[in-house]
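Please read the structure below before turning to the comments.
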Amino acid sequence: MKNCAWRPLRYFIRMNKVTKLLHTRYRVNDLERTVKFYRDVLGLEEIRRHKSPRGSELVFLKVPGSEEQIEITFFPGSGPVQVQPDLTHLAFEVDSLDEFARHLAAHGLKYSDGPTTSSSGTTFAFIDAPEGYEIELIQKG
């Protein structure tokens, strides 16, 4: 490497790794009901919506102040969605689970599990989103 100042090895080796989580997709049967839940109950912002070339209806949501997105998809051509219990969940941080419980009650909802406090002092609870996907809510200790 003539005329080349010393450089770290990473300069010469292409880094083959992911660099950022962009979005997570959940397919649903009732797009509008699900989007309403994430927007009105959880407070997510709808940032865009469109139809894919294969005909899926897509809505992208995000938590204010967070870069990661959630893609809610309706694709009737692939059959009905049947979510298996305890298959997957999304986790969101909240300031107070007690206050969030009151917010849920105003929407006619309640925790499906918890609140439970872990040995580290973190408290968590779960609610069920439309379609049966679990949502974990975490209050840091």
Determine which lysines satisfy two conditions relative to Lys20: a Cα distance under 19 Å, and not lying fewer than 8 residues away in the same chain.
Lys62
Could you check the spin-label model distance between Leu21 and Ser120? Points 7 Å from the Cα along Cα→Cβ, value in nm.
1.4
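Could you compute the longest span of the chain free of trypsin sites (Lys or Arg not before Pro) located in DSSP loops and having at most 11 other Cβ atoms within 10 Å, not counting the site residues?
Working: sites that count: Lys2, Arg14, Lys17, Lys20, Arg54, Lys110, Lys140.
That gives 55-109 as the longest site-free run.
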Scalar couplings 3J(HN,Hα) for region 111-127 by Karplus 6.51 cos²θ - 1.76 cosθ + 1.60 (θ = phi - 60°), nearest whole Hz, x for Gly and Pro, are 5, 8, 7, x, x, 10, 9, 7, 5, 7, x, 6, 10, 9, 8, 10, 10
Give me the base-10 log of I(q)/I(0) for region 37-124 at each q in 0.10 Å⁻¹, Debye formula, one uniform scatterer per Cα, rounded to two decimals.
-0.36
Distance in Å, no decimals, from the C-alpha centre of region 85-141 to the one of region 33-69 is 20
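Ignoring everything except DSSP H segments at least 4 long, calculate the 222 nm mean residue ellipticity for the chain; use -39,500 (n - 2.57) per segment, divide by total residues, nearest 500.
On the way: 3 runs with 20 residues, N = 141.
Helices in the chain give a 222 nm mean residue ellipticity of -3500 deg cm²/dmol.
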Multiply the residue gap between Arg102 and Phe75 by 0.36 nm, knock off their C-alpha separation, and tell me the result in nm, one decimal place.
6.3 nm
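DSSP beta bridges in the chain, what fraction antiparallel, as a percent rounded to 5? If you can, show how the numbers build up before the last one.
Working: 21 of 31 bridges.
Antiparallel bridges: around 70 percent, rounded to the nearest 5.
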Can you give the angle from 0 to 90° between the axis of helix 97-106 and the longest principal axis of the chain, with both taken from C-alpha atoms, to the nearest 10?
50
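All of the numbers you see were taken from the coordinates with simple rules; none came from a lab. Note that the structure is predicted; figures quoted are calculated from it, not measured. Cβ sites come from the backbone with ideal geometry, for glycine too, and all protein chains shown count toward neighbours.
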